[in-house]
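Remarks on the structure that follows.
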Amino acid sequence: MFRATLSLLSLLLCFSAFSQEVDTVYYNQKDKVVDKNDASIFRYNVTSTIEKNSSIHRYLKDGTLLERLNLVKKKKEGDYYSLDLTDSIQTTGMYKKNVKVDKWTSEDLRNGHTFIDIYDMEGILISKESILSPDIRIYEMDDLDTHPSYKTGEDGWNKHLMQNLKYPVEARRSGAQGEIKLRLTILSSGKVAKVEVQNSGFNMYLAREALRVAQIPEDWNPGIKEDKAVNSYMDLKIVFKLG
């Protein structure tokens, strides 16, 4: 009986060893494939030979984890982690069938900011929250040499509104229309840290849609002061008009 148990255990261990394949790829700091001796980044691809699922891990030579990603049938699935050494951003989140879901947190380790994005189960961004460092300085638009702007300019912003802005059903039914004035807090990195409604007496449904559509773009051109990108406010308005 004891020998039979040992034989079964050995068989299971062998089966486990042969049910996974480990592929190692070596990179330099410019993310180019190099020989092992010249590598500064190691990427391990662990693949299940039975279910064809895989797990990708990227490490620095000193063992620092840069990225952890799981793939199920070649689609991103489950917990995700990354560390961007260039901008000192640490990101954690969850994938479901290749789309972001639930809570995603990005920590700016250099400046002390934390950004939290919440997605629904279809990958649609439903809310954003930022916890900024208490000693951050934010410039008013009048104090800037160059105002912050949308990455692809005014035409790009108008195209973004045409593609994404939806007239709320509740507002349409009540005949509500008008403009929603927003104030964006844009960091020197171009990331939107906060969006607030500025005008009073606004329709709740119009304001909610304006906030949603303003939070979709990830990056903007930051404000410039004395040839340097700075944290600043940006004021804009979104107009709702019934045809």
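Convex hull volume per residue, computed on the Cα atoms of the chain, equals 218 Å³. Sorting 94, 141, 162, 234 from the fewest to the most surrounding beta carbons within 10 angstrom yields 162, 141, 94, 234. Across the chain, Cα pairs under 8 Å and at least six residues apart give a relative contact order of 12 percent. Over segment 74-136, the alpha carbon radius of gyration divided by the compact-protein estimate 2.2 N^0.38 Å works out to 1.20.
Working ranking of peptides 153-159, 185-191 by packing, defined as the average number of other Cβ atoms within 10 Å per residue, highest first, is 185-191, 153-159.
Helix-only arithmetic for the chain: the sum of -39500 (n - 2.57) across DSSP H runs with n ≥ 4, divided by the residue total, places the mean residue ellipticity at 222 nm at -6000 deg cm²/dmol.
Relative to the Cα centre, what is the charge dipole magnitude of the chain, using +1 at the beta carbon of each Lys and Arg, -1 at the beta carbon of each Asp and Glu, and rounding to the nearest 20 debye?
1000 debye
Pairs of Cα atoms nearer than 8 Å and 6+ residues apart set the relative contact order; for segment 137-243 it is 43 percent. As a rough guide to protection, the peptides 225-231, 32-38 ranked by mean Cβ packing within 10 Å, highest first, stand as 225-231, 32-38.
What percent does the relative contact order of segment 74-136 come to when contacts are Cα pairs within less than 8 Å and at least six residues apart?
Values: 134 pairs, mean separation 14.4, N = 63.
Relative contact order of segment 74-136: 23 percent.
Here the dipole of segment 137-243 is about 580 debye; that uses its Cα centre as origin and unit charges on the Cβ of Lys and Arg (positive) and Asp and Glu (negative).
Each peptide in 24-30, 177-183 receives the mean, over its residues, of other Cβ atoms within 10 Å, and ordering these scores from highest gives 177-183, 24-30. Listing 151, 76 from fewest to most neighbouring C-beta atoms within 10 Å gives 151, 76.
Largest first and in whole Å, give the semi-axes of segment 152-206's equivalent ellipsoid, each being the square root of 5 times a Cα gyration tensor eigenvalue.
Working: eigenvalues 118, 52, 15 Å².
After scaling each eigenvalue by five and taking roots: 24, 16, 9 Å.
Bear in mind that the values in this text are calculations on the coordinates, not laboratory data. Quantities reported herein were computed from a predicted structural model and do not represent experimental measurements. Glycine also receives a Cβ, built like all others from the backbone with ideal geometry; neighbour counts cover every protein chain displayed.
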